[in-house]
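Colleague: First, the structure itself, so that you have it in front of you.
The numbers here are math on the coordinates, done by the rules we state, and not lab data. What you are looking at is a predicted structure, and each value in this text was computed from that prediction instead of being measured. So basically every Cβ, Gly included, is an ideal-geometry build from the backbone, and we count neighbours across all protein chains shown.
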Amino acid sequence: MRTIYILWLRQLKRYFRSKSRVIGSLAQPLLFLVALGYGLGPVFQKAGEGNYVQFLVPGVVGMAIIFSSVFSGIEIIWDKQFGFLKETLVAPVSRVNIMIGRTLGGATTSTMQGIIVFIIAILIGFKVESASSVVYAILLMLLIAILFTALGTIIASQLDDMQGFQLIVNFLVMPLFFLSGALFPLEGLPKILAALTRIDPLSYGIDAFRTILGGVSTFGLGLDLTILSVITITFIGIGSYLFSKIQI
């Protein structure tokens, strides 16, 4: 447990020291929130779908979390190249604990990113139904962050090149985001596109956000949480196994 705590704390220190990383990771979600929220809002309302900002905010929060979570895996490659990972792995502690500590640290910083975006969304007009829904939403942010941080660990544990990691992550993350229903409703889609949205884990995260914050659901909150939990446990297991096989 001490190893997990130390690595979790190290991830937080990295996060707070890198102001440029914090600002950079917030720029894209805020651009989507303002440009799309207010730019497409009138069109969305004329189509009879209501307030687009209310619809968009859960997707933008999910966007902030997934990008920050998956890209946290690049720190593993960074530590490989500069020798810190070797020093960590030769320590007399379980590699599984090391992986869990890094995952929880990355998930915590990603959750903080989501919270910041969520607060800004409230300031520009997003309406929250109750204080309890905010608490549940933060817990959901953490679950999604753990899932995608574990995914980032899975990818990074198999690579030694930062450029290769960025290419693979961009190739993976962008489809996950755009197919999640973050920007458009999932009802009435063509069959192929609808099938793709159902195998996208972020779809269930965004849907759960909308259920908690607005009472609007496509899949049902129970199914959302079940699938997210199962995938999270699976990714942690795979990530722990692959991380334990890293050669030093």
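Colleague: Give the calculated FRET efficiency between residue 199 and residue 123 to the nearest 0.05, with a Förster radius of 35 Å applied to their Cβ-Cβ distance.
Modeller: The value I calculate is 0.50.
Colleague: Using only the Cα atoms of the range 189-235, what do you get for the radius of gyration and for Dmax, in Å?
Modeller: Computed over the Cα atoms of the range 189-235, radius of gyration and Dmax are 10.9, 31 Å.
Colleague: Can you compute 3J(HN,Hα) from phi for each residue in the range 197-204, using the Karplus curve 6.51 cos²θ - 1.76 cosθ + 1.60 with θ = phi - 60°, rounded to whole Hz and x for Gly and Pro?
Modeller: Ordered by residue, 3J(HN,Hα) equals 5, 6, 9, 8, x, 5, 4, 6 Hz.
Colleague: Quote the FRET efficiency, to the nearest 0.05, computed for residue 161 versus residue 234 with a Förster distance R0 of 25 Å and r equal to the Cβ-Cβ distance.
Modeller: Efficiency for this residue pair is about 0.45.
Colleague: Spin-label point model (7 Å from Cα, Cβ direction): what's the residue 35 to residue 223 distance in nm?
Modeller: Between residue 35 and residue 223, the label points sit 3.3 nm apart.
Colleague: If R0 is 25 Å, what FRET efficiency do you get for residue 191 and residue 171 from their C-beta distance, rounded to 0.05?
Modeller: Efficiency, from the Cβ-Cβ distance: 0.55.
Colleague: Same structure, new question: Can I get the semi-axes of the range 89-248's equivalent ellipsoid? Compute them from the C-alpha gyration tensor as square roots of 5 times the eigenvalues, in angstrom, largest first.
Modeller: 30, 19, 15
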